Amino acid sequence: MKKKRIGILTGGGDVQPLNAVIKSAIDSANRNNFQLIGFKRGWQGVLEKESVPLNNKILDRTIGGTILKSSRVNLTKIKGGVELVKKNVDEIGLDGLIVIGGEDTLSNSFCLKDVPQVLISKTIDNDVGIADGRKVVNYFTLGHPTAAEKISSFVSLSEGLRSTAYSHERIIVVESMGMHAGWLALSSSMGHPDFIIIPEFTLDYSNFLDKVVEKYGEQKDLIIVIAEGARWSDGSYISADESEKDSFGHPRFKGAANLLAEKMKKDLKKFFDTRNVNSVDPSYLYRSGRPNKLDLSAAAKLGRAAVNYFKSGGNNTVLLTTNFKDGKLVTGSYSLSGVSNIDDLHRFVTERFYDPSTMNATKEGKKYIRNIVTEFPLNSYGI
Ligand code: F6P
């Protein structure tokens, strides 16, 4: 009998557990005597037939990034791109494809209805996973737990910026990644920032300044988290450079935290000395380094589940999902036969999770996040 031949690719922004999911798929493929072929640079590798056999690859699952490398390819923007991918998949004799990506990379899969695919959502943005507008089908995307732990630690008192903020009576504006969705910024609530600004809720600047003056007056230090894709109340982005767009039309963000801190410096001068209004942008540090325990465990399960889908004769397209059952991580699969577009699975922060009046996570929001990140201690400090 012909050996099953499965392709695997990683696209979009890298996350820490990508090698871990690839390693798990290799191990599973070996156990089942499947041939696993890795495409280089995401969909680019399928377009150019640039691939490597993976079965004999020795891989450290704890090293972040992706040995397969990544790219942001929009097949619909390449003339004949979809047809070429179909042709190459046929010629290589693939029985199926494991596609690991965020909303953009996964959007290409919907143009390839005849190719059996297992989709694994990975993005620190955590913005893939809602169905029918409300039902959570995918609790978190791969990579989000590690990034969420990082941002919480970066703002916390025990590990992060709060210690210098309180010592120097600083206001520190911290930038989070997240172009359309504020999940990563929101998850920082486990490190107890004072205010969180996210793309889904536009910033009423004068109202925000009132809150800042009041809370700084009481506390004498503040940590404010702002997502890169945050917007002013007229809907315009705080920091987007529209002249540098990627193939999906997303602008390059140029530092909302810095812009906001500079503006606050000027506008708060009449209330107090603003020399200590600063900004910090951890940027790619959110996506770098080693995956945490939850991500490693999810990666191991998802890689195995992807190969098992084809083992059990699956020949449609499904999204693998993460969830919790009795406090334990479980994975599942969600059929995409009734889903025409990745937008149907796009997840945004709503008022259930974020309270625009306190500019922080709601009780429900914190409950959701606590399953993903351990809360940092909220010690009291000062004299
Ligand atoms: O899509 C994930 C993400 O991390 C976004 O939050 C961010 O805007 C984007 O990637 C930036 O990625 P890059 O600089 O790699 O294009």
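Tell me whether the range 6-83 comes out rounded, prolate or oblate; compute the Cα gyration tensor, take square roots of the eigenvalues as a ≥ b ≥ c, and use a/c under 1.5 as the rounded threshold. The shape class here is oblate. With R₀ fixed at 45 Å, the C-beta to C-beta distance from Ser335 to Lys263 puts the FRET efficiency at about 0.40.
Please give the contour-minus-distance gain from Phe271 to Asn74: 0.36 nm per residue of separation, less the Cα-Cα distance, rounded to one decimal in nm. Kindly include the intermediate steps, with their values, before the conclusion.
On the way: separation 197, 0.36 × 197 = 70.92 nm, distance 4.90 nm.
Net length gain for the segment: 66.0 nm.
The distance between label points at Glu364 and Asn33 comes to 5.2 nm (points 7 Å beyond Cα on the Cα→Cβ vector). Solvent-accessible area of Tyr381, all protein chains in place: 80 Å² (probe radius 1.4 Å, heavy atoms, ligands and nucleic acids excluded).
Of the DSSP H helices in the chain, those with a Cα length along their own long axis of 24 Å or more and a mean Kyte-Doolittle hydropathy reaching 0.0 comprise 293-311. Rounded to the nearest 500 deg cm²/dmol, what is the calculated helix-only ellipticity per residue at 222 nm for the chain, with -39500 (n - 2.57) per DSSP H run of length n ≥ 4? After summing the helix terms and dividing by the residues of the chain, the value is -8500 deg cm²/dmol. Note on Lys301: lysines with a C-alpha under 20 Å away, same-chain residues under 8 apart excluded, are Lys23, Lys57, Lys122, Lys293, Lys311, Lys325, Lys328.
For Lys4, what is the net charge nearby, where nearby means another residue's Cβ is under 11 Å from its Cβ and Lys, Arg count +1, Asp, Glu -1? Before the final figure, lay out the partial values.
Details: positive: Lys2, Lys3, Arg5, Lys311; negative: Asp95.
Computed value for this residue: +3.
Label-to-label distance for Glu83 and Ser167 is 6.5 nm, based on points extended 7 Å past Cα in the beta-carbon direction.
Here the ratio of the Cα radius of gyration of the chain to 2.2 N^0.38 Å is 1.04. Using the average count of surrounding beta-carbon atoms within 10 Å as a protection proxy, the listed peptides 228-236, 129-137, 67-75, 117-125 rank, highest first, as 117-125, 67-75, 228-236, 129-137.
Within the listed set Ser337, Ser24, Ser288, the Gaussian network model of the chain (springs between alpha-carbon atoms below 10 Å) gives the highest mean-square fluctuation for Ser337. Assuming charge only on the beta carbon of Lys and Arg (+1) and of Asp and Glu (-1), the dipole of the chain about its Cα centre is about 1380 debye to the nearest 20.
The values are calculated or read from the model by the stated rules, or taken from the named source; none is laboratory data. As the structure is a prediction and not an experimental result, all values here were calculated from the model. All Cβ positions, glycine included, derive from the backbone under ideal geometry; neighbour counts span all protein chains shown. Side chains are part of the model used for accessible areas, which takes the heavy atoms of the whole protein and leaves out ligands, DNA and RNA. Shrake-Rupley method; radii C 1.70, N 1.55, O 1.52, S 1.80 Å.
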